[in-house]
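Written out below as structure tokens is the structure these notes cover.
Each reported figure results from applying straightforward, stated rules to the coordinates on display, with no laboratory input. Everything numeric here is computed off the predicted structure, so don't read it as measured data. Quick reminder, even Gly has a Cβ in these numbers, built from the backbone with ideal geometry, and neighbours come from all protein chains shown.
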Amino acid sequence: MFTLCRSDQLPSLGPVKGILAVCDSRVSAEQISASQAFRAWPESKPMACLPLADAQGDLPIPARWLVESPFRTNVVLCRCNHLLSGKALAAGSPDRLPHEEPAASALPLTGETLWRRLIDTPPEQIWREMIPSVTPAPQTVWPALAPDRPLTTWLVEAIRQVQGATPRQTTLWQAGLFLINDFLDESHTQSQSLEGDRDADLWHAIMHRREPDYGNAKYWCRRVGAHPVHAALASRAAPILAQAGITGFSPANWEADRFVDLCERVADEDSSANRAAREVQWIEMTLLLAHCSQGR
């Protein structure tokens, strides 16, 4: 049997037999089951995380799954005998079910549960092959400019397990992943440990802007100066900001101090300017994370 649902439908889902597929984009069970990616999914791999067309990113797996919930840009497949039980979920326990069909009490699941299960599964046990001709759902929500607290607290330990090719890359990835997920103190510890490294100092600047400590953010922006991600950021940010009625940002030159001032002005607003600044901040952080993945 094959069940397809969105991540927000998981808590109300009845007992599942066979295969559970979770995706927040517009994809049908027929499209999934007819795809080569699904038909080639081997029995030896308990889970599959199948990226949709145009969903390939610059980040390595599984770090990509720590940037945001995977269900917008992937179809996550799980054989029902690998689902967490409702009892284990309530207790916050990572205990797994025996390799047998789960009882009705094994559900409800949540998107967080399945996301956590995906991250906890060794990458070599997860099947990866793209499903073509399905466009991921557009992203419409971005992290706050000045967050109150992290929303996905369980991600802390997952981020601490991330390892790059070098100690420096590990530190930069963790600084970025912590910051993207609103763990400002943890990000600060990582970026500060590489003070004087331009990539780390840019994470440091963004962290203080989100803290918010705008004067300190400007200090670190000046310490960084021009950064390799700024050209791409400027070209992508200018039209987004202009559409929200925000002027003064050139597509050819990124002015980090000007963006700090904008964030300070709109951080507490519920406005198009706030939403545009949050989208630009997301682009900034993901560009920097991709840059740090190139290694050196």
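Here are a few things to note about the model shown:
- Gain on full extension, evaluated as 0.36 nm per residue between residue 36 and residue 232 minus their Cα-Cα distance, stands at 67.1 nm.
- Between the helical axis of 167-180 and the longest alpha-carbon principal axis of the chain there is an angle of about 90 degrees.
- If the chain linking residue 151 and residue 43 were pulled fully straight, counting 0.36 nm for each residue of separation and taking away their Cα-Cα distance, it would gain 35.4 nm.
- The structure shown yields Cα extents along the principal axes in Å, and of the options (1) 62, 58, 39; (2) 58, 38, 35; (3) 84, 63, 29 that calculated value carries the label (2).
- The distance between label points at residue 242 and residue 166 comes to 3.8 nm (points 7 Å beyond Cα on the Cα→Cβ vector).
- Between region 212-251 and region 6-64, the Cα center-to-center distance that results, in Å: 36 Å
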